[in-house]
Amino acid sequence: MSAIVLNGVRKSFGANEVLRGIDLTIEPGEVVCVIGPSGSGKSTLLRCVNLLETPTAGTVHVGGVDVTDPDCDIDAVRRRIGMVFQQFNLFGHLSVRDNLTIAQRRVLGRSKASAVEVARANLARVGLSEKAGAYPAQLSGGQQQRVAIARALSMDPELMLFDEPTSALDPELVGEVLAVMRGLADEGMTMLVVTHEMAFAREVSSRVVFLDGGVVAEQGPPAQIFGAPKEARTAAFLKRVL
Ligand code: ADP
Ligand code: MG
């Protein structure tokens, strides 16, 4: 069963049609990077997957469940999806450990002991074992984003959505976050990643989707998209950003 299937997805904000018929299928274990100009609808596309935005038309299936069906239990679906944003959105008044355990306890009903153990394992996964007792303000941006990733992983997601996870970081901190994401990809995590990091898209993704003007203008293996784009607008975009 496919991890994500978007079928004819459209999204308008008032008169502004931002997504104009998106067909996109992502299989389990795929790492799909979405690239494209600012305003092309990348964030909106990502947000339609977990219904942070409701499509105006079309359907979205996650793990076989039609999330656009009004009868869908969207909270149950969201529990299976980890999302990491540009802004880390950590709880500033909570320690790193508590940031990782609060949703496990409240949403999944885990005991304190098991939530703490899962938090410990996921902090190790992102290389921050020694920061469990720290507060977000004591961490660098790169460390905070790795905590945000560990927090999402602590919910045992079936797939992860990333929306420009390194765009708010100082350049010297980008690499440590990309390294964590690369590790997840190597472990076989299904990932949909909006990114401006073309080297990451090129090296880590199984497929690159170029979004332009609310449509998938082109998609393919990274070697093809970066090496021999078929569409003139893909080539023009890559020329601007590379
Ligand atoms: P990208 O992530 O590719 O930069 P977005 O999906 O954020 O693009 O936005 C695409 C377009 O949709 C932009 O013109 C933006 O202003 C508009 N848009 C996004 N979210 C909203 C919203 N909640 N209300 C109104 N317009 C929005
Ligand atoms: Mg965006």
Provide the solvent-accessible area of Asp69, counting protein heavy atoms only and rolling a 1.4 Å probe, rounded to the nearest 10 Å².
60 Å²
Dipole size in debye (nearest 20) for segment 47-166 around its Cα centre, Lys and Arg Cβ +1, Asp and Glu Cβ -1?
680 debye
Give the aspartates and glutamates whose C-alpha is closer than 16 Å to that of Lys131, dropping any in the same chain fewer than 8 places away, or say none.
Asp98, Glu117, Glu176
Considering only protein heavy atoms, what is the solvent-accessible area of His196 at a probe of 1.4 Å, reported in Å² to the nearest 10?
90 Å²
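Roll a 1.4 Å probe over the protein chains and send me the accessible area per residue for segment 1-131 in Å².
47 Å²
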Among the lysines, which fall within straight-line cross-link reach of Lys239, defined as a Cα-Cα distance under 20 Å, with same-chain neighbours fewer than 8 residues apart omitted?
Lys42, Lys230
Projected-area average for segment 49-180 over all orientations - Cα convex hull basis, square nanometres:
8.8 nm²
Charge-dipole axis of the chain as Lys and Arg at +1 and Asp and Glu at -1 on Cβ define it, positive-most pick from Ala152, Val65, Gly188
Ala152
Using +1 at the C-beta of Lys and Arg and -1 at the C-beta of Asp and Glu, which of Gly82, Val96, Gly109 has the Cα lying farthest in the positive direction of the dipole of segment 65-127?
Val96
With Cα atoms, 0 to 90° folded angle of helix 141-153 axis to the chain main axis
90 degrees
Hey, how much of the P(r) for the chain falls beyond 24 Å, as a percent of Cα pairs?
46 percent
Can you pull out the GluC sites (Glu not before Pro) in segment 174-212 whose DSSP state is coil and whose Cβ has at most 12 other Cβ atoms within 10 Å?
Glu187
Cut-off 19 Å (backbone N to label point 7 Å along Cα→Cβ of Ala76), residues of segment 1-37
1-5
Using just the C-alpha positions of segment 191-242 as equal point scatterers, what log10 of I(q)/I(0) does the Debye formula give at each q in 0.12, 0.17, 0.21, 0.27 1/Å?
-0.22, -0.45, -0.70, -1.22
When DSSP assigns beta bridges and you keep just the ones with both residues in the chain, what percent turn out antiparallel, to the nearest 5?
55 percent
Alpha carbons only, please: Rg and Dmax for segment 120-215, in angstrom.
13.8, 45
With a 1.4 Å probe and all protein chains left in place, how much of the accessible area of the chain comes from carbon and sulfur atoms, in whole percent?
49 percent
Compute from the Cα atoms of segment 3-95 the Rg and the Dmax, the latter being the longest Cα-Cα distance, and quote both in angstrom.
14.1, 44
Report the antiparallel proportion of the DSSP beta bridges in segment 117-219 as a percent, rounded to a multiple of 5.
45 percent
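The values are calculated or read from the model by the stated rules, or taken from the named source; none is laboratory data. Note that the structure is a prediction, hence the values are computed from the model and not measured. Because the Cβ atoms are built from the backbone with ideal geometry, glycine has one as well, and the counts that use them run over all protein chains shown. Ligands, DNA and RNA are stripped out before the accessible areas are found, and what is left, the full protein with its side chains, is counted by its heavy atoms. Shrake-Rupley method; radii C 1.70, N 1.55, O 1.52, S 1.80 Å.
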